[in-house]
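For reference, the structure discussed in these notes is given below.
The values are calculated or read from the model by the stated rules, or taken from the named source; none is laboratory data. Since we're looking at a predicted model, the values are computed, not measured. Virtual Cβ from ideal backbone geometry, glycine too; neighbours counted across all protein chains shown.
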Amino acid sequence: MRRTFVVAVRAAVLAAVLPLAACGGDDGGASGAAASGAPSGKITVFAAVSLSESFTELGERFEAAHPGTDVAFNFGASSALAQQITQGAPADVFASASAKNMQQVVDAKAAGTPATFARNSMEIAVPPSNPAKIATVADLARPGVKVALCAPEVPCGVVARKVLDNAKVAVTPVTNEADVRATLTKVKLGEVDAGMVYVTDVRAAGAAVTGVEIPDDVNAATDYPIATLTESSNPALAEAFAEYVLSAAGGEVLAAAGFDRL
Amino acid sequence: MAVAFLLLPLAGLMLRAPWRGLPDLLAEPAVREALRVSLVSATLATLFSLLLGVPLAWVLARTSWPGLSVLRALVTLPLVLPPVVGGVALLLALGRRGIAGRYLDAWFGVTLPFTTAGVVVAETFVAMPFLVVTVEGALRSADRGLEEAAATLGSRPLHTFRHVTLPLVAPSLAAGAVLCWARALGEFGATITFAGNFPGTTQTMPLAVYLALERDPDAAIALSLVLLAVSISALVLLRDRWLRAGVAA
């Protein structure tokens, strides 16, 4: 009885592990993309989480314009993505929400020359009914108001704190979330009275949150650079996608999502 | 091969550690705060798990109430549930607008998210099943003859439980408690989702490591070493005496 159990466990473990090993073999084929002619094959784009909707759309439009290509995305906090890239994660393009995280990757000689493709400023997100009646940045410092900010390590946290500095408001958040969408989620769930997120996030959330605008004189913005990565297995396609993001067509999609025009 | 697989990451950690800069990295107040939050919440979570889990294990092992197997499945669910799913579930149940949480907030003004209490709740949720499963196993295999003897000698059930049953399963209880404590200490997904992340209140060591990794990898490695040392000491303290006896029971 015990023997059969041990054998069964071993078989189960093997069965679970083997397919994972097989998975790794797939991407080898894609790099055989022709250097001349239409771009083809597959690339993986690491992009800041605030680019989720806009880049997904850009990817779909790019794939439609270039049949036979496959653009896959890995969205996350730019600081986490930069960390993964410098540790050797396989990626072809990096779109960061801050120049600082892009610089980390450039310094590690993992990226080519970056180019800025968008800019994003901050907005206060509150639950639809605005229970704490937040109307200004100063309201965030009222006693009893629960505010979620991004962790100071991630781009959104850096810019949020700049805005608070500009407005000369001292806010102690109840939580420092790991990325901007986690902050937005806390607002959507009603767990906090307000969160400081990007303008594009408020727009992407639709009816799930209400936005409270931050006046231009205290608002802060962050530039989004994009670069192809030196370890890319499909540099031609990576370059083509980066160019598309930087093009006028790409700019339209980004502007529609709420990014500032450069 | 299994040993190599298990030891290789630990070796990597030790080899790449910034041994020279370690004292400076560890002197930062953020490190002490994270360690304090971690140790306090893991210990409280273990205490609650003992208070709630031992009676539950007794019910599962010794009674024949209807629906017991369903209860057992539900209780062991957090064992297999991805922790972050547990965190989401806790939010939906005990968050400010959760199905039970909204009453906590409205009637008592108590909100669990973003408090150390929330961390304890999240950790208890994921770690208690370890204790329950271990203790249930021990109760099942304990020698009932001793308990029956006590009963024939006139001992009342609660007295028997305290003076005969508990000492019988003490090794497994200790082993289960250590497992529970270690699991609570390492909890990440449920904690960050339910309790949030704020230094001094809810930022536990695993959360601190995760965020430090993005800011300063050396600091992350230093924090990881501290956690590793704490975990190893806990294992060493209880290993020979309790774990072996607990497994044999």
| residue A:163 being touching a Leu at 6+ places or on another chain (Cβ under 7 Å), free of Cβ contacts under 8 Å to residues at least 60 places away in the same chain and either surrounded by fewer than 22 Cβ atoms within 10 Å (Cβ to Cβ) or more than 14 Å from chain B (Cβ to nearest Cβ) (or both) | no
- May I ask you to verify whether residue A:148 is within 13 Å of chain B (Cβ to nearest Cβ), modelled with pLDDT of 95 or more and assigned to a strand (DSSP E or B)? yes
Going through the range A:151-205 in order, the residues found to be in a helix (DSSP H, G or I), β-branched (Val, Ile, Thr) and within 25 Å of residue B:206 (Cβ to Cβ) are A:158, A:180, A:183, A:185, A:187
Going through the range A:117-139 in order, the residues found to be in contact with a helix residue (DSSP H, G or I) (Cβ under 8 Å, 6 or more places away or on another chain) and more than 14 Å from chain B (Cβ to nearest Cβ) are A:117, A:118, A:120, A:121, A:122, A:123, A:124, A:125, A:133, A:134, A:137
Of the residues in the range A:86-123, those that are of a type in the set (S, T, N, Q) and farther than 20 Å from residue A:240 by Cβ come to A:86, A:87, A:98, A:101, A:103, A:104, A:120, A:121
Within the range A:209-260, the residues that are surrounded by fewer than 17 Cβ atoms within 10 Å (Cβ to Cβ), assigned by TED's automatic domain parsing to the domain that holds residue A:130 and in a loop (DSSP other than H, G, I, E, B) are A:213, A:215, A:216, A:217
Conditions (1) exposed (fewer than 15 other Cβ atoms within 10 Å of the Cβ); (2) under 20 Å from residue B:185 (Cα atoms) -> residue B:74 fails only (2)
Those residues of the range A:93-110 that are in contact (Cβ under 8 Å) with a residue 60 or more places away in the chain and under 25 Å from residue A:255 (Cβ atoms) come to a total of 8
Within the range A:55-78, of all residues that are within 10 Å of the chain's Cα centre (by Cα) and either more than 26 Å from residue A:255 (Cβ to Cβ) or part of a helix (DSSP H, G or I) (or both), the one farthest from the other protein chains (Cβ to nearest Cβ) is A:55
Condition set modelled with pLDDT of 95 or more and in contact with a strand residue (DSSP E or B) (Cβ under 7 Å, 6 or more places away or on another chain), scope the range A:52-62, selection surrounded by the fewest Cβ atoms within 10 Å (Cβ to Cβ): answer is A:56
Over 13 Å from the mean Cα position of the chain (by Cα), within 14 Å of another protein chain (Cβ to nearest Cβ) and hydrophobic (A, V, I, L, M, F, W, C), is that true of residue A:105?
yes
Selection status of residue A:86, within 14 Å of chain B (Cβ to nearest Cβ), surrounded by fewer than 19 Cβ atoms within 10 Å (Cβ to Cβ) and not aliphatic (A, V, I, L, M): yes
Condition set in a strand (DSSP E or B) and over 19 Å from the mean Cα position of the chain (by Cα), scope the range A:35-54, selection farthest from residue A:183 (Cα to Cα): answer is A:41
Filtering helices (runs of 4 or more DSSP H) wholly in the range B:141-218 for at least 3 residues that are at the interface with chain A (Cβ under 10 Å from one of its Cβ atoms) and at pLDDT below 90 gives B:205-215
